[in-house]
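Accompanying notes for the structure given below.
Any read-out appearing in this document is the output of simple, stated calculations on the displayed coordinates, not a laboratory observation. Just so it is clear, the model here is predicted, and its values are computed rather than measured. Cβ sites come from the backbone with ideal geometry, for glycine too, and all protein chains shown count toward neighbours.
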């Protein structure tokens, strides 16, 4: 036997020995980062602990030794922090995964079914405790996480607990979801989403589900106190000023309000629709008798005019921030404004 064949067999033996699972689906462009090496993510490639799986325009499906299944969609990153499993020792396995970015689908295997306390699924802003079920995590660039419970392949529905430092919520219904903005804020109240599993992808980062947006806006309203409430906090639909121009007009626009040092942590902002100037979003809303004028003035200026009698869902993507404003709670009219330098 030649030296080349012996060396090849040794390499294969090492790879198989260290594998904790393998890639069972590969489509498009993706790679596995293993220590200082980058491997092409191809079907049959063994996956090891501490591997980082990162996709470009590709999808990677992984099946672990305990039959846990993970699907990493386009432009996403998954880190396998830990995996220990011996089918001969029941309840002794261990699995730890970290979804760093994008959308990842998880379906429980034997480790979760035998001892769910030994499974740790994390995003930058949440920890998910698994009760033997399937769910997805969609994580944006600053770690905000949308977590959606899914029905299992047999149609049953399990349960997950989403936790931050400030508290936790339980999801136990199909397509029930919660949103975490940071680790120090409690997850949003669960809401059932009106979508299909095929619609769960990274577009949910750009346009979060309406049901989740409503829950976050409702929570923001609750947090207001009498000390901070003033006329500008009133809903524009409820304000009927006799002379709105005297209350707030173009002369109130102050260029000093522009914050050129944009905070990347405020990448996505849910804005309550109120007349006047919102310092958090740097947005002006004017009452123009028969219509509203919404203007956001930063290093660039974006303006939209909307009819008072109709509802609109307005998304302004500008200077690294995404601002979402609704003038009515329920509407099918959407306006997108995207600017780039």
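Show me 122-130, 299-307 ranked by packing, highest mean number of other Cβ atoms within 10 Å first. Write down the numbers at each step before the final one.
On the way: 122-130: 21.3, 299-307: 13.9.
Packing order, densest peptide first, comes out as 122-130, 299-307.
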Can you put 179, 135 in order, fewest other beta carbons within 10 Å first? 135, 179
Pairwise centroid distance, computed over Cα atoms, of the range 35-92 with the range 318-341, Å: 36 Å
One computes Rg over Rh for the range 16-148 from alpha-carbon atoms, with the Kirkwood Rh, and obtains 0.94
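Which shape class applies to the range 165-210: rounded if a/c is under 1.5, otherwise prolate when a/b exceeds b/c and oblate if not, where a ≥ b ≥ c are the square roots of the Cα gyration tensor eigenvalues?
Details: a/c = 2.79, a/b = 1.46, b/c = 1.91.
Note, shape of the range 165-210 comes out oblate.
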Computed over the Cα atoms of the range 279-341, the Rg and Dmax in Å are 11.5, 34
How big is the shadow of the Cα convex hull of the range 127-192, averaged over all directions, in nm²? 4.0 nm²
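Show me 280-291, 74-85 ranked by packing, highest mean number of other Cβ atoms within 10 Å first. Can you show the working numbers first?
Numbers: 280-291: 17.0, 74-85: 18.8.
My ranking of the peptides, most packed first, is 74-85, 280-291.
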